[in-house]
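Undergrad: For reference, the structure I am asking about is given below.
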Amino acid sequence: MYINTDEKTMHFPHAIKKSTGNDGIIRAVDILAALFALILFSPIMLLVAFLIKIEDPKAPVIFRQERIGQGGKKFYMYKFRSMYTDAEDRLSELLAQNEVEGHMFKMKNDPRVTKIGKLIRKLSIDEFPQFVNVLNGDMSMVGPRPPLEREFNNYTNHDKKRLLVKPGCTGLWQVSGRNTLSFEEMIELDLEYIEKRNIFFNIKIMLLTFKEITVFGKGM
């Protein structure tokens, strides 16, 4: 189906310029890392897909959600489905229980999460399909998390600066406190990442993410 390209990109301040520098090196490492991860984790991904299908045979295994990426461009981000299929419809009932300040929604004991979903979220396995997003070029292994359109619509021009670079599977915010941080603190950490961004900083964040997941059982 034809989609007008003008509709793919949200309003983005003209004063904000895209990041330059070592993007080529980062892209090359992203492709190698994503391919390696897909090969390494393919047995786990197949098992998870099977378990999700067993829990709810009629529901899809992969959850596809529209997000806002670099420069305000829309793209579809992939995850293993960890919620019931009516999750979006039930969101309005839970907004008052949001545990994160700002334009995001996080709830520790979200009743919309399935039994398998709780496990794969704890181990961050639900995020593994995003390696395909990395290969497609919509995401990087490291970068700010891509917001939903309803979140992006509430951003100030300052907030939108976090989308100067490609969104990532993990980032500085995720290894610096995550849900204990406010929205404003997340923005500042994302901007700090963009300022310091290079291949060595990315590798450091990936290693810290691996430590968080394997040692502490925290998600990406």
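Undergrad: Suppose accessible area is computed on protein heavy atoms with a 1.4 Å probe; arrange 131, 210, 200 from highest to lowest.
TA: From most accessible down to least: 200, 210, 131.
Undergrad: Taking 0.36 nm per residue of sequence separation and subtracting the Cα-Cα distance, how much length would be gained by fully extending the chain between residue 28 and residue 119, in nm to one decimal?
TA: The span from residue 28 to residue 119 would gain 29.6 nm if fully extended.
Undergrad: Give a residue-ordered list of calculated ³J(HN,Hα) values for segment 72-81 (Karplus: 6.51 cos²θ - 1.76 cosθ + 1.60, θ = phi - 60°; whole Hz; x for Gly, Pro).
TA: Calculated HN-Hα couplings, in order: x, 6, 7, 7, 9, 9, 9, 8, 5, 5 Hz.
Undergrad: Let me cross-check residue 110: its accessible surface, 1.4 Å probe, with only protein heavy atoms counted, in Å² to the nearest 10?
TA: 10 Å²
Undergrad: Search the structure for amide H atoms under 5 Å from the amide H of residue 83, placed 1.01 Å from N in the peptide plane, and list their residues when 5 or more places away or on another chain.
TA: Under 5 Å from the amide H of residue 83 lie the amide H atoms of 114, each far enough along the sequence or on another chain.
Undergrad: At 0.36 nm per residue, and after removing the present C-alpha to C-alpha distance, how many nm does the segment from residue 195 to residue 207 gain when stretched out fully?
TA: Between residue 195 and residue 207, full extension yields an extra 2.4 nm.
Undergrad: Please list, in chain and number order, the residues 5+ apart from residue 172 or on another chain whose amide H is under 5 Å from its amide H, with Hs placed from the backbone.
TA: 143
Undergrad: Please state the shape class of segment 29-216: rounded when a/c is under 1.5, otherwise prolate if a/b exceeds b/c and oblate if not, all from the C-alpha gyration tensor.
TA: Here segment 29-216 falls in the oblate category.
Undergrad: From the phi angles alone, apply the Karplus equation (6.51, -1.76, 1.60; θ = phi - 60°) to segment 148-154 and give each ³J(HN,Hα) in whole Hz, x where the residue is Gly or Pro.
TA: Per-residue couplings from phi come out as 6, 4, 5, 6, 4, 5, 9 Hz.
Undergrad: Can you give the extra length, in nm with one decimal, that the chain gains between residue 135 and residue 158 once fully stretched, where that is 0.36 nm per residue apart less the Cα-Cα distance?
TA: 5.4 nm
Undergrad: Now a separate question. Could you list the trypsin sites (Lys or Arg not before Pro) in segment 57-94 that lie in coil according to DSSP, counting only those with at most 12 other Cβ atoms within 10 Å of their Cβ?
TA: 58
Undergrad: How many percent of the accessible area of segment 29-216 is carbon or sulfur, using a 1.4 Å probe?
TA: Of the solvent-accessible surface of segment 29-216, carbon and sulfur hold 60 percent.
Undergrad: Further question on the same structure: Taking a 32 Å limit on the Cα-Cα distance, which of the listed pairs 115/161; 122/161; 73/118; 73/196 fall beyond it?
TA: Long pairs (Cα-Cα over 32 Å): 115/161.
Undergrad: Check residue 140: other-chain or 5+ apart residues with amide H under 5 Å from its amide H, H built from backbone geometry?
TA: Here the answer is 168, 169, since their amide H atoms fall under 5 Å of that of residue 140.
Undergrad: OK, next. Spelling out what I want: for every residue of segment 112-125, take phi, set θ = phi - 60°, compute 6.51 cos²θ - 1.76 cosθ + 1.60 (Karplus), and round to whole Hz; glycine and proline get x.
TA: After applying 6.51 cos²θ - 1.76 cosθ + 1.60, I find 7, 7, 6, 5, 5, x, 4, 5, 5, 6, 4, 9, 6, 5 Hz.
The values are calculated or read from the model by the stated rules, or taken from the named source; none is laboratory data. This one's a predicted model, so the numbers in the text were calculated from it and none came from an experiment. Here Cβ is always computed from backbone atoms with ideal geometry, including for glycine, and neighbour counts include all displayed protein chains. The protein model used for the area step is the full one, side chains on, heavy atoms only, and it has no ligands, DNA or RNA in it. Shrake-Rupley method; radii C 1.70, N 1.55, O 1.52, S 1.80 Å.
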